[in-house]
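Let me begin by presenting the structure, written as structure tokens, before commenting on it.
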Amino acid sequence: MSHQKFQSCIDACVACAVECNHCATECLHENDIKTLANCIQLDRECAAICFAAANLMSIGGEHAAHLLEECAEICDACAVECDKHSNLAHCKKCAEACRKCAKECRAMSLVAA
């Protein structure tokens, strides 16, 4: 499948990865880092899989559908964790990006299958 068909999902994945990396970095500057440890870890995992998914889609990978399903699951988990810290602007923005990405990945996984 041509990468152009994936473009909206590629964009959502890259945007999510950027927000997750930003959130993790900002969490490291908060006063009580211990309470944000799971958030930081999920941010890092989410960014990694989002970048991987964007990369696989950009080459028209035939196994993109599988990775997109996993990406959606990790994005959902990251959104749930960031919602626990929604008093922090970076966590709130990250959760929104994660939910958008999960929605795009689920829709695209059906097209890519």
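Worth pointing out:
- Considering residues of region 12-33 that are at pLDDT 95 or above and exposed (fewer than 12 other Cβ atoms within 10 Å of the Cβ) only, the residue farthest from the chain's Cα centre (by Cα): H29
- Single residue of region 39-55 satisfying the filter (crowded, with 23+ Cβ neighbours inside 10 Å and touching a Leu at 6+ places or on another chain (Cβ under 8 Å)) that is farthest from H22 (Cα to Cα): A53
- Which listed residue, of R99, R106, is touching a helix residue (DSSP H, G or I) at 6+ places or on another chain (Cβ under 7 Å), free of Cβ contacts under 8 Å to residues at least 40 places away in the same chain and crowded, with 18+ Cβ neighbours inside 10 Å: R99
- R44 vs. criteria under 24 Å from Q4 (Cα atoms) and either within 12 Å of the chain's Cα centre (by Cα) or assigned to a helix (DSSP H, G or I) (or both): no
- Of all residues in region 83-96, those being closer than 21 Å to A53 by Cα, in contact (Cβ under 8 Å) with a residue 24 or more places away in the chain and open to solvent by less than 20 Å² (accessible area, probe 1.4 Å) number 1.
- Residues that are free of Cβ contacts under 8 Å to residues at least 40 places away in the same chain and acidic (D, E), drawn from region 12-41: D32
- A79 being out of contact with any Ser or Thr (no Cβ under 9 Å at 6 or more places or on another chain) and under 15 Å from I10 (Cα atoms): no
- Yes/no for A77 being assigned to a helix (DSSP H, G or I), within 17 Å of V111 (Cα to Cα) and aliphatic (A, V, I, L, M): no
- Test: residue in region 48-66 that is modelled with pLDDT of 95 or more, part of a helix (DSSP H, G or I) and over 16 Å from C9 (Cβ atoms): yes
- Summed over region 23-63, the residues that are among the charged types (D, E, K, R) and farther than 21 Å from A97 by Cα give a count of 3.
- Evaluating S58 against the criteria (1) within 20 Å of L110 (Cα to Cα); (2) buried (at least 19 other Cβ atoms within 10 Å of the Cβ); (3) in contact (Cβ under 8 Å) with a residue 40 or more places away in the chain leaves one unmet condition, (2).
The values are calculated or read from the model by the stated rules, or taken from the named source; none is laboratory data. Small disclaimer: the values here were computed from a predicted structure and weren't measured. Methodologically, a virtual Cβ is constructed for each residue, glycine included, from the backbone with ideal geometry; neighbour enumeration extends over all protein chains shown. Note: accessible area is taken over every heavy atom of the protein model, side chains too, but ligands, DNA and RNA are not part of it. Shrake-Rupley method; radii C 1.70, N 1.55, O 1.52, S 1.80 Å.
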